[in-house]
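Inspection log for the structure reproduced underneath, given as structure tokens.
Here, each number is a calculation from the coordinates, and none is a lab measurement. Source: prediction; values computed, not measured. Note that each Cβ is placed from the backbone with ideal geometry, even for glycine, and that neighbours are counted across all protein chains shown.
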Amino acid sequence: MIKNYLLLALKVLRRKPFYTFISLFGISFTLMILMLITSMGDAMFGANQPMTEVDRMVFLPQLERYTEFYDTTYTVDTIAMGDGTIRLDSTQEVAPNGNMNNSNGPMSFSFLDKHMRDFTDVDDYTFLSDNSFTDAYLDGRKVTLNTYYTDANYWSVFDFKFLHGLPFGSDDVQEANKVIVITERAATNYFGEVSAGVIGREMELGQEKYRVVGIVQRPLKDDDTIAGDIFLPLTTIDPRQYANQELQGPFQAVFLASSPGKRESVKKQLEFFATNFVMPPESDFERIRLYAGTAMDKFAATTIQTNDADQAKLMLFIPLFSLLALFLALPLINLINLNVSRVFERKSEIAVRKAFGADSRDILYQFIFENLVLTFIGGFLGLVLAFLIIRYVNANDLIGIVRLSFSVKVFAYFILVILGFGLLSGILPAYRMSRTNIGTALR
Amino acid sequence: MIELTNISKSYRTDTIETLALQRMNLSVPDGEFLSIMGPSGCGKSTLLNIMGLIDEPSEGRVVLAGKEVTDYNGSQTARFRNEQLGFIFQSFHLINDLSVVDNVELPLLYRRVGGKERRRLALEALERVGLSNRATHFPNQLSGGQKQRVAIARAIVGKPNLILADEPTGNLDSHMGGEIMDILTRLNQELGTTIVMVTHDERMAKKTHRLVRLSDGERVS
């Protein structure tokens with residue numbers, strides 16, 4: 001039966017080449033774009049190395065110090081007394097007037113070291129610097145490298161794929177050893193090769209020489225916790241920054257909650273800590289706020305440029321999903337329309353099939369199957385196109401912050417999308433076909 | 001055996017009701033070759049459609065092959081049509097995308113017969129109508145008479161008890177029409193298949209066992 005459906009579906013596609021072309025063009029183009037969006041979404045939000053545990057991560061990129069200003073508002077009431085006299089009464093209210101003195105930014109190592117180590121529901125955590133740029137020199141050539149200073153836990157929180165060598169350990173961090181982990185891109189740029197032979201070689205960064213201990217694969221996305229070209233023990237950072245006792249400095253923290261559901265608990269503990277934090281007496285500010293959030297919170301807040309992650313997600317994703325839905329709906333409606341119009345064309349065939357024993361379910365399955373064949377062919381073309389575009393985009397680093405991925409997972413999503421598209425666009429026309437009245441159609 | 005008792009059929013629109021058949025009684029014994037004649041719009045095709053479970057009567061009782069089929073649901077009628085009935089249409093209604101042999105296999109497909117057996121039975125049916133050498137052709141490559149022979153092969157491949165033919169020679173010249181009638185007569189004689197045929201052609205009707213005439217939805221002879 002399936003073989004018969006398949007052969008018939010292919011014959012039907014051959015019968016109307018123009019219709020087939022229009023349908024396939026729409027389907028393959030739509031699915032190609034969807035594939036690229038899925039691929040980008042997976043690269044940005046998927047649980048890919050080195051963020052396999054992204055669902056458990058809570059990011060703490062910055063701290064805000066602030067002082068709110070208050071106004072006192074007086075209200076005077078005039079009360080007419082019965083004896084002809086007037087009594088005056090007044091109330092006063094003290095409330096924030098909306099003005100604020102504040103300072104936002106990453107934190108100092110001393111703040112993180114003193115206060116951010118003892119939370120419950122946290123399996124692991126890492127402190128790392130914000131990125132900075134370091135000039136490296138080789139044979140009179142200057143290479144500018146995106147640099148992160150991290151602790152040893154960084155390599156357990158973020159599971160980078162090591163192509164050669166190993167991460168540096170806690171001893172290296174404690175003893176401020178001049179060791180370095182580099183990405184394959186940095187290895188290519190600096191040493192001209194990515195091989196085990198690079199391990200143990202030295203890189204000259206500023207006045208210092210660092211020994212390469214590991215080469216990692218460049219992550220799919222340039223998240224500001226993993227986007228470095230080189231990674232150094234945080235104790236090798238400028239000593240003034242390391243010893244800074246202010247609240248703010250160049251560091252951030254990432255916590256690995258014991259489960260995805262415990263991220264809220266970690267966020268609440270951070271919020272509680274901030275609310276109850278007593279500012280040093282010499283501070284210009286009265287209170288602090290910690291902006292902790294999930295990867296999605298951080299992405300939305302950074303994109304919308306606000307500190308309120310919930311509001312940012314609404315502002316970002318409602319328009320984004322509406323656009324995506326619209327983008328999907330248009331070709332879908334078009335395909336449904338094309339299919340429905342073809343019902344009339346094939347009425348006689350359906351009636352003959354029913355006359356000779358096909359029941360409505362047979363007809364329904366046949367036409368859904370035909371539509372799935374069409375969408376799968378379109379999907380395959382879309383896949384090939386998407387694959388070519390992904391290769392081109394990645395080879396030329398066209399998007400900048402993201403390398404598009406082409407994994408089994410993305411492929412599985414894609415098959416699901418095709419199935420959904422095929423079913424959605426096929427069910428209504430197939431249902432109408434299955435209801436064909438034999439007598440009327442054969443008249 | 002076909003038993004139609006007090007069959008009426010009316011078609012209703014918002015403003016008008018058309019009576020296509022009025023209290024029709026008809027009995028067709030097994031193995032009979034019956035023809036139905038009458039002017040256009042007299043209810044011949046409606047009667048054939050009711051016998052073929054393609055249309056439902058507004059009133060009355062239909063018994064086919066000893067079974068009361070009046071209240072059958074969609075899948076029951078589909079199965080009954082598949083196992084007991086064969087149809088031949090005036091304009092052939094072959095599926096142009098399928099080869100001759102694939103067209104003939106169609107009823108067996110819905111009987112879930114395996115591929116090899118389907119092919120064997122379809123070729124046997126084509127042999128019977130003298131078209132086994134056209135098995136891999138497509139309908140558009142055939143003449144009208146050949147198309148109707150394919151349609152007959154399709155109607156008999158499932159070995160139905162009853163063949164319902166709606167003006168099978170209507171679109172053919174007299175020579176081709178004669179050939180088709182010969183095949184139907186032979187099927188009736190050799191296989192004992194009951195055949196009910198609607199026709200406008202007296203000469204064709206004379207070749208059948210019995211003629212029933214309709215006029216304005218009523219049986220007149």
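Among A:Ala253, A:Ala292, A:Val266, whose Cα lies farthest out toward the positive end of the dipole of region A:248-297, if unit charges sit on the beta carbon of Lys, Arg (+1) and Asp, Glu (-1)?
Looking along the dipole axis, the top candidate is A:Val266.
Pick out, from A:Ile226, A:Gly200, A:Val216, the residue whose Cα sits farthest towards the positive end of the charge dipole of region A:196-247, with +1 on the Cβ of Lys and Arg and -1 on the Cβ of Asp and Glu.
Final value for the positive-end residue is A:Gly200.
With a sphere of radius 14 Å drawn around the Cβ of B:Val69, what net charge do the other residues whose Cβ falls strictly inside it have (Lys, Arg +1; Asp, Glu -1)?
Charge balance in the 14 Å sphere: -2.
Using only Cα atoms, tell me the angle between helix B:115-128 and the longest principal axis of chain B; keep it within 0 to 90° and round to the nearest 10.
It works out to around 80 degrees.
About the Cα centre, and with charges only on the beta carbon of Lys, Arg (+1) and Asp, Glu (-1), how big is the dipole of region A:81-201? Nearest 20 debye, please.
Around 580 debye, computed over region A:81-201.
With +1 on each Lys and Arg Cβ and -1 on each Asp and Glu Cβ, how big is the dipole of region A:304-443 about its Cα centre, in debye rounded to the nearest 20?
The calculation lands at about 500 debye.
With viscosity set to 1.567 mPa s and temperature to 4 °C, compute the Stokes-Einstein D of region A:1-116, Rh being the Kirkwood radius across alpha carbon pairs; µm²/s, no decimals. All intermediate terms of the calculation are to be shown ahead of the outcome.
Working: Rh = 23.4 Å.
D = 55 µm²/s.
Less than 12 Å Cβ to Cβ from A:Ala257, Lys/Arg counted +1 and Asp/Glu -1: what total charge do the surrounding residues give?
Value of the local net charge: -1.
Could you work out the percent of alpha carbon pairs in region A:301-398 separated by over 22 Å, rounded to a whole number?
That tail contains 60 percent of the Cα-Cα pairs.
Under the Kirkwood approximation applied to all pairs of distinct alpha-carbon atoms, what is the hydrodynamic radius of region B:95-186 in Å? Can you show the working numbers first?
Numbers: mean 1/r = 0.0756 Å⁻¹.
Result for region B:95-186 stands at 13.2 Å.
For B:Val198, A:Val94, B:Val62, which order do you get if you count the other beta carbons within 10 Å of each Cβ and list the fewest first?
Fewest-to-most ranking of B:Val198, A:Val94, B:Val62: A:Val94, B:Val62, B:Val198.
Can you sort A:Tyr5, A:Tyr431 from fewest to most other Cβ atoms within 10 Å of each residue's own Cβ?
Values: A:Tyr5 19, A:Tyr431 15.
Going from least to most buried by this count: A:Tyr431, A:Tyr5.
Taking a ≥ b ≥ c as the square roots of the Cα gyration tensor eigenvalues, with a/c under 1.5 meaning rounded and otherwise prolate when a/b beats b/c, else oblate, which class fits region B:73-127? Mind dumping the intermediate values first?
Working: a/c = 1.90, a/b = 1.21, b/c = 1.57.
Because a/c hits 1.5 or more and a/b fails to exceed b/c, region B:73-127 counts as oblate.
Dipole size in debye (nearest 20) for the protein assembly as shown around its Cα centre, Lys and Arg Cβ +1, Asp and Glu Cβ -1?
Dipole about the Cα centre, nearest 20: 4560 debye.
For peptide A:356-367, what's the mean number of Cβ atoms from other chains within 10 Å of each residue's Cβ?
Taking the mean over all residues of the peptide, I get 5.
Starting from one equal scatterer on each C-alpha and no solvent at all, send me the Debye-based log10 I(q)/I(0) for region A:150-289 at q = 0.10, 0.17 Å⁻¹, two decimals.
Debye output, listed in q order: -0.45, -1.02.
How tilted is helix B:100-109 with respect to the longest principal axis of chain B? Cα atoms for both, answer in degrees (0 to 90, nearest 10).
Orientation of helix B:100-109: about 60 degrees from the principal axis.
Taking only C-alpha pairs under 8 Å that are 6+ residues apart, what is the relative contact order of chain B in percent?
Working: 432 pairs, mean separation 66.2, N = 221.
30 percent.
Using Cβ counts within 10 Å as a stand-in for footprinting exposure, how do B:His137, B:His93, B:His175 rank, fewest first?
B:His175, B:His137, B:His93
What Kirkwood hydrodynamic radius do you get for the protein assembly as shown when you take the inverse of the mean 1/r over all pairs of distinct Cα atoms, in Å?
32.4
Per residue of region A:115-123, in order, report the coupling 6.51 cos²θ - 1.76 cosθ + 1.60 (Karplus, θ = phi - 60°) as ³J(HN,Hα) in whole Hz, putting x for Gly and Pro.
Those phi angles translate into 10, 10, 9, 10, 10, 7, 6, 10, 7 Hz.
Stick to the Cα atoms of region A:9-69, pair each with every other, and give me the Kirkwood hydrodynamic radius in Å at one decimal.
That comes to 16.2 Å for region A:9-69.
At 37 °C and 0.692 mPa s, grab the translational diffusion coefficient of region B:2-119 from Stokes-Einstein with a Kirkwood Rh over Cα pairs, rounded to a whole number in µm² per second.
Estimated via Stokes-Einstein, D reaches 202 µm²/s.
Divide by every residue of the protein assembly as shown the summed helix terms, -39500 (n - 2.57) for each DSSP H run of at least 4, and state the resulting mean residue ellipticity at 222 nm, rounded to the nearest 500 deg cm²/dmol.
-14000 deg cm²/dmol
Would you mind estimating how fast region A:326-367 diffuses translationally, via Stokes-Einstein at 37 °C and 0.692 mPa s with the Kirkwood radius over Cα pairs, in µm²/s?
The Stokes-Einstein estimate is 283 µm²/s.
Angle check, please: helix B:174-191 long axis (alpha carbons) against the longest principal axis of chain B (alpha carbons), in degrees 0 to 90, nearest 10.
The answer is roughly 90 degrees.
With N denoting the number of residues in region A:359-443, provide Rg(C-alpha) divided by 2.2 N^0.38 Å, to two decimal places.
In units of the 2.2 N^0.38 Å rule of thumb, it is 1.59.
Please list, short to long, the whole-number percent of alpha-carbon pairs of region B:34-98 in consecutive 10 angstrom bins beginning at zero.
P(r) over region B:34-98, rounded to whole percents: 17, 47, 30, 6.
If packing is taken as the average number of other Cβ atoms within 10 Å across a peptide's residues, how do B:139-146, A:209-216 rank, most packed first?
A:209-216, B:139-146
Let me know the Rg and Dmax you get for region B:149-221 when you use only its Cα atoms, in Å.
Taking only Cα atoms of region B:149-221, I get Rg and Dmax of 12.5, 35 Å.
When a/c is below 1.5 the answer is rounded, else prolate if a/b is larger than b/c, else oblate, so apply that to region A:164-208 with a ≥ b ≥ c taken from the square roots of the Cα gyration tensor eigenvalues.
Since a/c reaches 1.5 but b/c is at least a/b, the shape of region A:164-208 is classed as oblate.
Starting from one equal scatterer on each C-alpha and no solvent at all, send me the Debye-based log10 I(q)/I(0) for region A:81-167 at q = 0.10 Å⁻¹, two decimals.
Here the Debye-derived log intensity ratios amount to -0.56.
Going from the alpha-carbon gyration tensor of region B:40-196, what semi-axes, largest first and in whole Å, does one get by taking the root of 5 times each eigenvalue?
25, 19, 14
Can you give the mean number of other chain Cβ atoms that lie within 10 Å of the Cβ atoms in peptide B:81-89?
For peptide B:81-89, the averaged partner shielding equals 3.
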